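The values are calculated or read from the model by the stated rules, or taken from the named source; none is laboratory data. Here the structure is a predicted model, which is why all the values come from computation and not from measurement. Note that each Cβ is placed from the backbone with ideal geometry, even for glycine, and that neighbours are counted across all protein chains shown. Surface accessibility is based on the protein's heavy atoms, side chains included, excluding ligands, DNA and RNA. Shrake-Rupley method; radii C 1.70, N 1.55, O 1.52, S 1.80 Å.
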Amino acid sequence: MFAPLLHIPDGFINVPTSVIFMLLSAAGIAIALRGAKGELDDKTAPLAGLTTVFIFAAQMINFPVAAGTSGHLLGGALAAILIGPYAATLSITIVLLLQALLFADGGLIASGLNVFNLALVGVWGSHLIFLIIRKIMPKRKNFIPVAGFIAALIQVPLAATSFVIQYAIGAESTIPVSTVFTAMVSTHVLIGIGEALVTAFTLSAVLATRSDLVYGWKGIAPKLEIKKVNS
Amino acid sequence: MLVVVTTPITNWVSYLVYFSLIITVILVARLPLLTVFKRSLIEIPFVLFAVLMPFFGTGESYQVGGFTLYREGILAGTAIVAKGTLGVLGAITLSSTSTAREILRGLERLKLPALMVNIASFMLRYINVVTDEMERMRIARASRGFEAKGIRDWRILASVLATLFMRSYERGERVHLAMLSRGFTGVLPRTPDSPPRPRQYLQVVSLPLLALLIALSERILR
């Protein structure tokens, strides 16, 4: 959904903080690269490339809310459940990098901050929540969208909180942290509800036709069995 | 960019020089000014945030027309706008003077992992294919009388996303098979490019060096 402050430009957060988060993000990406290679081997580049395009394109679809306002999907939770957290981290990172390089959306020195919030906190946060919810709930196909709903719902304010933490550490601004926190988290709780609805709808539509593609379902899908039918 | 971000905003002369530097580059590169302006509108949410800033803060303050403005806040707000605008202008200059392919090649040279570069190049190669697919789906919906009005229509839009995902994924599989059948071994072949000449190095470092000089001279003069 519409994220007013998530793509941080350069100069908003000071350099030491940006560099620290750049290093953290680089470490996260290194882990994701290994994981994705293990999962997809030489298919990685074409498949992750096309899903990256998908996320990029998905963010262009407008979801009307009311009275002329509309929002778009962030896609962290959706990507994590559809293609797995490793590939999702890479996809979201590349979307963010290319947005910064080609569209000037988000700064270059600040890219570490953005990648950390959206590709690491967003994707892995929602992946963990999804795993926990999936564990508690019955292992049936129609519960996957429910788990996705909750994961997306929590993930968006979580990423916003991560931004507030960066703001608290290294913002060059005078607006008090508590004000920023209330504003960011309250708007992102609302955004999270929208994100959750769209994530759940999309997941259930994919599960209905190609459930074999959904990463979050693959692991627990029941094995095919041959049954004898009395005739 | 690093030099700009570390310059204190009170050195306003340096900022004037930074702006004239980047504007000179834009003019030398003959970029259409209107496009540059339009694309820098992306910064607006942060400008709004910066405008709010003078109303917050502690210490020295001024009374302007019934509002209390804080010196600290004004400085921080101006700093965000100035630095942000410089950053955006820099990125716009980069993306309008270099093709996406050149930027990727650059990232590769800067030792971004090969897999990341490959994923990014696949993305750039197929972005038009997928957005065209999306546009066809939009036209199909519109020609059947669908118009997204509110939250009730989200289910339909989400099914569009689902279809788009499946088509993209399946295209990815087909592309991979097509690559295999043409002898893909897991590594993309690349044409060797000529190493940059010293003159090019000089051109590349000239702008950051100039900016650094300005920042230093400002500091020494004080």
field: Tally of residues being among the hydrophobic types (A, V, I, L, M, F, W, C), part of a helix (DSSP H, G or I) and more than 12 Å from A:V198 (Cβ to Cβ) across segment B:145-174
entry: 3
field: Filter result for B:M134 (at pLDDT 70 or above, under 29 Å from A:A30 (Cα atoms) and not hydroxyl-bearing (S, T, Y))
entry: no
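When segment A:170-193 is examined, which residues are found to be of a type in the set (G, A, S), open to solvent by 10 Å² or more (accessible area, probe 1.4 Å) and assigned to a helix (DSSP H, G or I)? Steps first, please.
Keep residues of segment A:170-193 that are of a type in the set (G, A, S), which gives A:170-171, A:173, A:178, A:183, A:186, A:192.
Add one more test, that the residue is open to solvent by 10 Å² or more (accessible area, probe 1.4 Å), and what stays is A:171, A:173, A:178, A:183, A:186.
Of everything in segment A:170-193, those that are of a type in the set (G, A, S), open to solvent by 10 Å² or more (accessible area, probe 1.4 Å) and assigned to a helix (DSSP H, G or I) turn out to be A:S178, A:A183, A:S186.
Taking A:I220, is it in contact (Cβ under 8 Å) with a residue 40 or more places away in the chain and open to solvent by 70 Å² or more (accessible area, probe 1.4 Å)?
On the way: in contact (Cβ under 8 Å) with a residue 40 or more places away in the chain: yes; open to solvent by 70 Å² or more (accessible area, probe 1.4 Å): no.
For A:I220, the condition - in contact (Cβ under 8 Å) with a residue 40 or more places away in the chain and open to solvent by 70 Å² or more (accessible area, probe 1.4 Å) - is not met.
Conditions tested, residue by residue: (1) within 22 Å of A:P9 (Cα to Cα); (2) at pLDDT 85 or above.
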position	(1), (2)
A:I144	no, yes
A:I150	no, yes
A:P157	yes, yes
A:S162	yes, yes
A:A171	yes, no
A:V177	yes, no
A:L190	no, no
A:I193	no, yes
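Hey, any hits in segment A:136-144 for a residue that's under 14 Å from the mean Cα position of the chain (by Cα) and within 25 Å of A:G35 (Cβ to Cβ)?
No; the residues of segment A:136-144 include none that is under 14 Å from the mean Cα position of the chain (by Cα) and within 25 Å of A:G35 (Cβ to Cβ).
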Residue in segment A:194-210 that is farther than 16 Å from A:A80 by Cα, more than 14 Å from chain B (Cβ to nearest Cβ) and open to solvent by less than 50 Å² (accessible area, probe 1.4 Å) present: no
task: Take the residues in segment A:1-51 that are in a loop (DSSP other than H, G, I, E, B), at pLDDT below 75 and open to solvent by 30 Å² or more (accessible area, probe 1.4 Å), then tell me which one is nearest to the other protein chains (Cβ to nearest Cβ).
output: A:P4
- request: Might you let me know whether segment A:149-169 holds any residue that is over 30 Å from B:A148 (Cβ atoms), open to solvent by less than 50 Å² (accessible area, probe 1.4 Å) and among the β-branched types (V, I, T)?
  value: yes
statement: Condition set open to solvent by 60 Å² or more (accessible area, probe 1.4 Å) and outside any helix (DSSP H, G or I), scope segment A:117-148, selection farthest from A:L90 (Cα to Cα): answer is A:P138
message: Taking the condition of being modelled with pLDDT of 80 or more and open to solvent by 20 Å² or more (accessible area, probe 1.4 Å), how many residues in segment A:75-110 meet it?
response: 3
